[in-house]
């Protein structure tokens, strides 16, 4: 077997794939969040930004391709690992208490599933507009405002972002460990990094539906 | 002290197993957990019942035989200790205690609290060694090892192979056990020639045994009786990645191309 | 009984070299035709099995634990000696040799001990190459510490886990050979009998502890590396599973048992705190490097140790043995401790304890330095007693630890049965009447890595071995005997548990065949043990059946053997009318209470030959001669 195939078959190999693809997706999330925050600079700014992205030939499709590929690999490897993990303890403990393993880490598959489902909804809602009540192609600002003013939709957005935060809280820390980036001088920064970015992404993205619902921007 | 014990009883591999409740009234806080089970067993035998089978040997925390999940935590409530070194002074009078065996697909049940951990031996056989013939070793002080390196290797080498890491891991992974050995030998100069081959072989065997995958939950570190750090998992991952994705030319199996 | 030691001729320094260079060899092509059984996977067994497999022999390895890595060598704490002289403090092969012979009170075989000292350096080389993480200096060179009974610093160590690391080294070598297909390991399999066919050891009978299957295995030679029998005392520093069954069964098949009464009582163990206690954990002798042993000068002083001023403390080891002080050999230190406690100076609730004080060292060196040297030992003490040894002195008391006695072997480690070799603690060879600290690991690895590969080869090269199979009559007979014995243990169905017999036996031996012995006590003990043995076979209760894992059944078989061995120990102690090393007969002491040897009558190894059931065993002797070190009164003053 070729080394790369053998590598993927191994559990650390799959873990490596989820980690690297996770990092790509994370980078996308950060950029996307920064983009989203332009909503606070008003209609023109946000729409201009959206227009700019679409004006670069191939950029949108290239990004879509990378995200779709990373997302697929991320999901496939994670699902394979999870199925394996579920099978590793056929008889469960009657009592099980965790000292360290936190809730965010143990529910990665569910927070991940939630985020993936949301991603599909989000594309249908704000990119394609097929589940949007009043979709105007090109008017991003309008689409966001109109879309998020519907309370259940905003709740979905908020819930999804919180799930994403939980996912990042564990995933970003785990990233260093899986890649073998551990050094006593810097190890304490790993937790701080993960927490800071998880909180930042959640705060940035939750603020949008909240401010929309509270009519702080219009 | 009075304790109520719910102990997993299972006649053999084919038996389904169940919890059985035992009340024990006259134990002393100075007893070790295993001595409490000894007292229970003596009583069971006197009453014509079969004693609870549990594994134990050295009773000083080094052989790695004993191990059970006590109220949901591998090796019980005290950190950094084996069950034989866990004393009843860490429990309260009247406590209800659930005692279960290590549960993992890779550790098939044998009887009561005894499981088969030979999977760990097979991982060691796959590569947990430095191949050296008796007689061919150089004079010991020709290999200089910085004190810090030796200490770090010793931190990893302290693993007693008890399997608490597997038992406690939400995924049933053996990453800490495997990483401890890969790191112990990989940190030392003597271990360099086989370093990457070792990492690859041991990981492959670990996967074959049916252990789960490491998700960096850190639970293993928290229950390890020898407090082995998950830093070693990071070190082992590094060795494994290096060998899998960028092996040295000599070991990649493509060395012959260099002749062209 | 033929007790020819077969020591090679020539000067002491050249015997082993000469032996190695002239020994008969087995051709490399032929080695694969020989099968060797190794019982026990401690330092001696694992190193022997790995080395023999590496030479090309087929090796079958048996251990009762679930993994070879758990053999009780794993618990050795302090270190391993080697005459490297890295400290430039006057060490040499000759000094290690002479200290070991003197430490053993001149009851060991000179040539064996010299060979051990000679090989010691190579063991360290081998272990370092295997990746054993010995303690180092900042410069990267190997570190040493001091140990009892020596004036030089020659002990190599891995924190307080030296045995574990050495065993993992040997175990990893064994793992390598398993992968290469030259070794097959039978874990959770206990040897219950030896098969002797045509006058040679040709196999063993085992019981699979999980399935209960009794099976015979055939081979060309059998190596026993099954450790010692200190567990005969019930309370000892040994692992609960450590047992004498393999060597006892071999004794019953004709192997001579040498010096059974030579049992080492280790001075620094955690005292017994209750009747439920299952073992007495050892606190490494290494602690005596920086620790001072004392009792209050006032009898029955119950003050907190910190409140007892310096002037009211009796550092009795330093007082009685100023030359070695706290590093006096184990037998001497244990006896001194017993004496001060007998006189009423002991501390703790039972009065059976003395202080081992490292608070001075902590103050002098700092907590970090002390933690680095003994951290895991302190944690263990704290774990067990709930007291912190950083702040208050530890309480310690002697406990059975090691047995110098064991199956008799010649220079080639061969017992009185041809083809039966005995390695490590299971044999009697190198430590005489008292073992010095950090030399058990040395002996186990010397036997396994460096001696048996030569001596076993010589046996094979010189023997004509007929083909045998487990279907042969001798094998099926032995198998039947084992099955009958197992059935008999299960059929008694009496009222008493196995442990209750074991505790009672232990108490008798501790009282009469422990740190001090006398004729009347030994005679009484013999009678008591015999009676206890009778009761055992009438009143023991072994629950369960033979077809599953049955830990009580395992214990019952071992205790049944202890009940025979205990009697032989008393018999041997009674016959040895002198005091030497660990063997202290009240009747034979100097005016200041030191052991009084009788070199005229007892400068020999006493070897016992099994007669028949309930017939008196015969006592033979192998005279000991000393050329390089002349027997003198041991002086640690």
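A short reminder: the numbers here are calculations on the coordinates, not readings from a lab. Predicted, not measured: the structure shown is a model, and the values here were computed from it. Note that each Cβ is placed from the backbone with ideal geometry, even for glycine, and that neighbours are counted across all protein chains shown.
Within region C:208-233, which residues have the backbone N less than 17 Å from the label spot 7 Å out from residue C:547 along Cα→beta-carbon, could you tell me? Residues C:208-215 qualify, since their backbone N sits under 17 Å from the label point. Judged by the ratio a/c of the largest to the smallest principal axis of the C-alpha gyration tensor, region C:106-198 counts as oblate, that ratio being 1.5 or greater while a/b is no larger than b/c.
With a 10 Å cut-off around each Cβ of C:146-159, the average count of Cβ atoms from other chains is 1.
Only helices enter the 222 nm calculation for chain B: every DSSP H run of n ≥ 4 contributes -39,500 (n - 2.57), and dividing by all residues gives -10000 deg cm²/dmol, rounded to 500.
Extension gain for residue C:520 to residue C:215 (0.36 nm times residue separation, less C-alpha to C-alpha distance): 105.4 nm. Counting only DSSP H runs of at least 4 residues, each contributing -39500 (n - 2.57), and dividing by the residue count of chain C, the helix-based mean residue ellipticity at 222 nm comes to -11500 deg cm²/dmol. Subtracting the Cα-Cα distance of residue C:577 and residue C:535 from their residue separation scaled by 0.36 nm leaves 12.1 nm.
Mean-square fluctuations from a GNM of chain B, with a 10 angstrom spring cutoff on Cα atoms, peak among B:113, B:152, B:34 at B:152. Were the residues from residue C:461 through residue C:318 laid out at 0.36 nm apart, the gain over their Cα-Cα distance would be 46.1 nm.
Overall form of region B:1-121: oblate. Here a/c, set by the Cα gyration tensor axes a ≥ b ≥ c, is 1.5 or more, and a/b is not larger than b/c. Where the centroid of each part is defined by its Cα atoms, how far is region C:475-505 from region C:428-461 in Å? So the two Cα centres are separated by 33 Å.
Residue by residue along C:172-183, Cβ atoms of other protein chains within 10 Å of the local Cβ number 5 on average. Highest average first, the peptides C:330-338, C:485-493 ordered by how many other beta carbon atoms sit within 10 Å of their residues are C:330-338, C:485-493. By other beta-carbon atoms within 10 Å, ranking C:224, A:124 with the fewest at the front produces A:124, C:224.
Adding -39500 (n - 2.57) for every DSSP H run of four residues or longer, then dividing by how many residues chain A holds, sets the calculated 222 nm ellipticity at -24500 deg cm²/dmol.
Once each part is reduced to its C-alpha centroid, what is the distance from region C:84-101 to region C:297-318 in angstrom? If we compute the Cα centre of each part, the gap is 36 Å. With R₀ fixed at 22 Å, the C-beta to C-beta distance from residue C:25 to residue C:4 puts the FRET efficiency at about 0.45.
Cut-off is 10 Å between beta-carbons; in what order do B:215, A:188 appear when sorted fewest neighbours first? Present the calculation step by step, with values, prior to reporting the outcome.
Details: B:215 29, A:188 9.
The fewest-first ordering by Cβ neighbours comes to A:188, B:215.
The C-alpha atoms of chain C define a longest principal axis, and helix C:367-385 lies at about 70 degrees to it. Rounded to the nearest 0.05, what FRET efficiency is calculated for residue C:307 and residue B:204 with R0 set to 45 Å and r the Cβ-Cβ distance? For residue C:307 and residue B:204, the calculated efficiency is 0.15.
A simple packing score, the average count of other Cβ atoms within 10 Å per residue, orders the peptides C:118-127, C:497-506, A:201-210 as C:118-127, C:497-506, A:201-210, with the highest score first. Inter-part distance, region C:151-208 to region C:509-529, computed on C-alpha centroids, equals 34 Å.
Protection proxy ranking for B:23-32, C:307-316, C:567-576, C:175-184, using the average of other Cβ atoms within 10 Å per residue and placing the highest first: C:567-576, C:175-184, B:23-32, C:307-316. This ranking places A:213, C:3 by how few other beta-carbon atoms lie within 10 Å of each, fewest first, which gives A:213, C:3. Between residue A:124 and residue A:214, the FRET efficiency from the beta-carbon distance, with R0 = 25 Å, is close to 0.45.
Inter-chain neighbour count for C:492-504: the average number of beta-carbon atoms from partner chains within 10 Å of each residue's beta-carbon is 2.
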